[in-house]
Amino acid sequence: MNERDLLLAERMMEEIRAHRNSATIMINTTFTQIGKTNLLLLKGLLDIEGETGFFTVLDRPHQYMSYLLKMHEVNQENLWFIDAVTHMSGLKREENNQVNFLEGPFHIENLFEVVELGIKQTKTTFHSIESIDFFIVDNIATMLNYNDMNRVEELIISFHNFLKTHPHMMGGVTIDKESNPELSEILTEHFDYMIEMEDLKKEVLK
């Protein structure tokens, strides 16, 4: 991770600190930068802020992000994965004490049951839901490949309600607004704050 990336991760954390009382944050970035944006976000939350949390993978199996984090020397000790895609990828499910699996992206209604299960099963620092600082969903638009808009909106509402009942926890999703205007409109209706990555990049490049 180069100096510019680290500065961008720091700048993202400044935004999140300033709006921490907003339980739900939407991060707008270009489609090709969603993976990179999530990497920087996790770098900031885990290493810069020293926080503990969940990362839900809807796009690629969790091993992909875990590999990127390891390659960039991001500490994963306090990170728990919720994996919705390994079931369909053909990859072998490798059970460990920091991942729980949904039975494919058609079962998004089970997401928060899996979160509760993860809290009960974890052998790391997740002693209770009160010890969790963040809950990130990697690319919610991917769910439209498997579910209609109404079901995805139900998930968004459930996510929002879940976070409102746990106000100590910051929740975030990444999306490309231009590619998904209808979904973006729904997220804007239910989420409290938006971070524009292009604006942050321009600041960092000054």
Seminar exercise, completed: Log entry, pairs with first residue in region 10-23 being under 12 Å from residue 169 (Cβ atoms), second being modelled with pLDDT under 90 and of a type in the set (Lys, Arg), beta carbons closer than 7 Å, six or more apart or on different chains, reads 23/164
Exercise. Is it true that residue 81 is within 25 Å of residue 149 (Cβ to Cβ), aromatic (Phe, Trp, Tyr) and either in contact with a strand residue (DSSP E or B) (Cβ under 9 Å, 6 or more places away or on another chain) or modelled with pLDDT under 90 (or both)?
Worked result: no
For this session: Give the residues of region 45-69 that are in a helix (DSSP H, G or I) and touching an Asp or Glu at 6+ places or on another chain (Cβ under 7 Å), sorted by residue number.
Result: 45, 48, 62
Exercise. For residue 198, are the conditions met, namely being touching a residue at least 24 places away in the same chain (Cβ under 8 Å) and more than 14 Å from the chain's Cα centre (by Cα)?
Worked result: yes
Exercise. Taking region 133-177 as the search range and keeping residues that are of a type in the set (Asp, Glu) and under 13 Å from the mean Cα position of the chain (by Cα), which one is farthest from residue 13 (Cα to Cα)?
Worked result: 138
For this session: Determine whether region 31-38 contains at least one residue that is part of a strand (DSSP E or B), closer than 24 Å to residue 179 by Cβ and not β-branched (Val, Ile, Thr).
Result: no
Exercise. List, please: which pairs have Cβ atoms under 6 Å, are six or more places apart or on different chains, and start with a residue in region 131-156 that is buried (at least 22 other Cβ atoms within 10 Å of the Cβ) and end with one that is in a helix (DSSP H, G or I) and of a type in the set (S, T, N, Q)?
Worked result: 138/38
Exercise. In region 1-10, what count of residues is obtained for those that are of a type in the set (S, T, N, Q) and either in contact with a helix residue (DSSP H, G or I) (Cβ under 8 Å, 6 or more places away or on another chain) or in a helix (DSSP H, G or I) (or both)?
Worked result: 0
For this session: Sort out which residues of region 11-30 are buried (at least 16 other Cβ atoms within 10 Å of the Cβ) and assigned to a helix (DSSP H, G or I), and write them in order of number.
Result: 11, 12, 13, 15, 16
For this session: Sort out which residues of region 40-63 are of a type outside the set (S, T, N, Q), surrounded by fewer than 22 Cβ atoms within 10 Å (Cβ to Cβ) and closer than 16 Å to residue 77 by Cα, and write them in order of number.
Result: 47, 48, 49, 50, 51
For this session: Could you list, in sequence order, all residues of region 163-189 that are crowded, with 17+ Cβ neighbours inside 10 Å and of a type outside the set (A, V, I, L, M)?
Result: 171, 172, 174, 176, 177, 180, 184
Problem set entry | Hey, residue 174 among the polar types (S, T, N, Q) and either in contact with a Ser or Thr (Cβ under 6 Å, 6 or more places away or on another chain) or touching a residue at least 60 places away in the same chain (Cβ under 8 Å) (or both) or not | yes
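The values are calculated or read from the model by the stated rules, or taken from the named source; none is laboratory data. This one's a predicted model, so the numbers in the text were calculated from it and none came from an experiment. FYI the Cβ positions are ideal-geometry reconstructions off the backbone, even for glycines, and counts take in every protein chain you see.
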